[in-house]
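The values are calculated or read from the model by the stated rules, or taken from the named source; none is laboratory data. The shown structure was predicted, so the numbers you read here are calculated from the model rather than taken from an experiment. Cβ coordinates were reconstructed from backbone atoms using ideal geometry, including for glycine residues, and neighbour counts include every protein chain displayed.
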Amino acid sequence: MDYHKEVIVILDFGSQYTQLIARKIRELGVYCEILPFSATLNNITSRNPKGIVLSGGPKSVNDADAPVCDLGIFPLDIPILGICYGLQLTVKLFGGRVEKSAKREYGMARLVIEKKEPLLDGIQDGSTVWMSHQDKVLRMPDGFKTIAHSDNSPHAVIKSVEGRIYGVQFHPEVHHTQKGRKILRNFLYKICKVKGVFSLKSFVDAATERIKKKVGDNKVVCALSGGVDSSVVATLIHRAIGDNLRCIFVNNGVLRKNEAAEVLDLFKDRLHMNLKYVDAEEMFLAALKGVKDPERKRKIIGKTFIKIFEAEAKAMGDVRYLAQGTLYPDVIESTSSKGPSATIKSHHNVGGLPRRMKLTLLEPLRELFKDEVRIVGKELGLPDSLIHRQPFPGPGLAVRIIGDVTRERLHILKEADSIVRDEIERNDRFRHIWQSFAILIPVKTVGVMGDERTYANVIALRVVESKDGMTADWTRLPYAILDKVSRRIINEAPGVNRVVYDISSKPPSTIEWE
């Protein structure tokens with residue numbers, strides 16, 4: 001059975017947990033899609049959903065600009081689950097009363113079950129749930145009943161008397177809700193009656209067939225960077241069309257130590273892909289000479305890359321498709337109802353290729369989250385060292401060298417970065433870390449090495465934990481690891497006599513320094 005025939009639609013009211021709801025549902029074997037709360041009824045029903053989830057959100061349902069979904073979803077014979085704001089919106093739309101609570105409920109609460117219902121099958125009285133709300137339901141609408149409460153939420157779980165409309169005041173998608181996964185499973189399998197046909201193996205099989213059907217005998221060009229997304233895209237398309245995939249790997253000179261050799265070894269020698277290697281190190285370093293401003297660095301690297309990639313793709317002659325590693329969060333962001341946000345820094349990934357090259361886009365990963373892409377990579381047989389590779393900026397080490405990018409400064413940072421990768425990134429013990437890297441600061445300090453005075457460079461370490469890179473906290477690394485990394489960098493990286501550790505979080509700082 002095609003997993004697209006079992007879809008759960010999530011309407012996003014702005015909750016920070018909306019993507020987590022989607023990931024939990026997919027982990028339970030059901031494909032789901034996130035749409036903005038403002039999605040039209042036709043847009044929703046065109047997916048033939050087995051169920052609809054109304055997410056939480058930061059607004060009060062009593063705000064003048066409170067988001068409201070298309071009311072046409074409620075008369076449909078489709079199960080609905082409102083979470084937090086979703087519950088309160090349902091109550092208000094059906095004529096109930098929601099008001100600001102005298103006591104905001106945030107954190108753990110105990111669920112007291114009043115009535116047996118399929119949604120709460122297997123859930124015991126006193127189960128811990130995680131609340132995050134300041135409004136609460138004061139009067140239930142006609143046609144609804146309460147099936148559970150907590151100390152501060154008299155209507156913590158509700159259901160329509162007729163039909164299949166449910167609401168929970170807490171967040172079943174978060175880890176802190178003890179039986180949240182079970183509640184979501186009950187909604188999917190006992191109420192929506194799904195069979196559960198989605199898995200990342202089924203995705204690989206379906207995507208392979210879709211690519212074969214769409215591309216036929218045509219050629220596809222792919223910019224291969226060696227990162228997780230481009231590597232999985234290339235491997236998946238290669239599985240479908242073989243040598244009709246033409247990969248281009250551009251060495252921009254600001255890659256990490258031995259990275260070019262590693263990419264060539266894996267994709268050309270071991271996976272036998274049709275790969276063109278372009279050594280453009282001299283061109284990039286010449287273009288970056290004397291440039292200190294990070295935005296100029298990004299633009300120079302992006303424009304130079306596009307120029308080279310265009311020329312190489314044009315030389316191939318008969319290419320019709322351009323493969324890109326677009327992921328589902330990119331798709332969600334592009335269709336979001338949220339307003340424009342300030343540009344903190346231009347995006348690390350190179351853009352502009354499709355418009356300029358007049359090629360048809362091929363985006364086989366656009367349905368997946370980052371963690372799912374890693375699992376697909378494993379399904380495709382890619383090595384763990386690549387699958388669990390940390391995010392690496394498109395401009396590479398150029399934005400981890402503060403100030404001038406010179407061959408000498410690149411050599412220093414490559415050696416320091418290699419040590420950080422050895423001790424942290426490649427260590428299974430630290431797989432939970434989002435990013436760990438070294439930064440070369442344009443400052444020299446006095447030191448003593450071999451009883452002689454030195455005046456040498458400073459390396460900063462940046463190690464952070466994050467789920468999606470939007471927010472991050474600095475990692476409390478064991479002192480023994482910090483000590484080892486520091487000693488190795490000072491002993492092995494030329495011209496370094498001091499190592500410092502960045503203990504700022506995002507926000508207010510960013511993860512990268514530039």
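Quick check on segment 261-288: of everything there that is in contact (Cβ under 8 Å) with a residue 12 or more places away in the chain and assigned to a loop (DSSP other than H, G, I, E, B), which residue is farthest from residue 315 (Cα to Cα)? Looking at the filtered set, the residue picked out is 271. Filtering segment 493-505 to residues that are without any contact (Cβ under 8 Å) to a residue 60 or more places away in the chain, farther than 15 Å from residue 439 by Cβ and in a loop (DSSP other than H, G, I, E, B) leaves only 505. Could we say that residue 490 is more than 25 Å from the chain's Cα centre (by Cα), farther than 30 Å from residue 296 by Cα and outside any strand (DSSP E or B) here? Here the answer is yes, as residue 490 does meet what is asked.
Exactly one residue out of 281, 312 is within 29 Å of residue 244 (Cβ to Cβ), of a type in the set (D, E, K, R) and modelled with pLDDT of 90 or more: that is 312.
Anything in segment 18-53 that is assigned to a strand (DSSP E or B) and under 21 Å from residue 327 (Cα atoms)? List them, or say none. Walk me through it before giving the result.
From segment 18-53, those assigned to a strand (DSSP E or B) are 31-36, 51-53; that's our starting set.
Listed by number, the residues that qualify are 31, 32, 33, 34, 35, 36.
In a helix (DSSP H, G or I) and of a type in the set (Ser, Thr, Tyr): does that describe residue 326? The answer is no for residue 326.
Only one of the numbered conditions (1) surrounded by 15 or more Cβ atoms within 10 Å (Cβ to Cβ); (2) at pLDDT 90 or above is not met by residue 472, and that is (2).
Taking the condition of being under 14 Å from residue 159 (Cβ atoms) and surrounded by 20 or more Cβ atoms within 10 Å (Cβ to Cβ), how many residues in segment 67-82 meet it?
Narrowing segment 67-82 to residues under 14 Å from residue 159 (Cβ atoms): 74, 79-82.
Now narrow it down to the ones that are surrounded by 20 or more Cβ atoms within 10 Å (Cβ to Cβ): 79-82.
Total satisfying the criteria: 4.
Beta carbons closer than 6 Å, at least 6 apart along the sequence or on distinct chains, never pair a first residue in segment 116-132 that is at positive phi and assigned by TED's automatic domain parsing to the domain that holds residue 158 with a second that is assigned to a loop (DSSP other than H, G, I, E, B) and surrounded by 13 or more Cβ atoms within 10 Å (Cβ to Cβ). Would you mind stating whether residue 148 is more than 21 Å from residue 12 (Cα to Cα), without any contact (Cβ under 8 Å) to a residue 60 or more places away in the chain and surrounded by 21 or more Cβ atoms within 10 Å (Cβ to Cβ)? Answer is yes for this residue.
Has segment 170-185 got any residue that is β-branched (Val, Ile, Thr), over 25 Å from residue 314 (Cα atoms), modelled with pLDDT under 95 and not assigned by TED's automatic domain parsing to the domain that holds residue 316?
Yes, the conditions are met somewhere in segment 170-185.
All of (1) surrounded by fewer than 16 Cβ atoms within 10 Å (Cβ to Cβ); (2) within 24 Å of residue 298 (Cα to Cα); (3) in contact (Cβ under 8 Å) with a residue 24 or more places away in the chain hold for residue 508 with one exception: (3). Within segment 132-154, is even one residue aliphatic (A, V, I, L, M), over 22 Å from residue 71 (Cβ atoms) and within 33 Å of the chain's Cα centre (by Cα)? For segment 132-154, residues aliphatic (A, V, I, L, M), over 22 Å from residue 71 (Cβ atoms) and within 33 Å of the chain's Cα centre (by Cα): absent.
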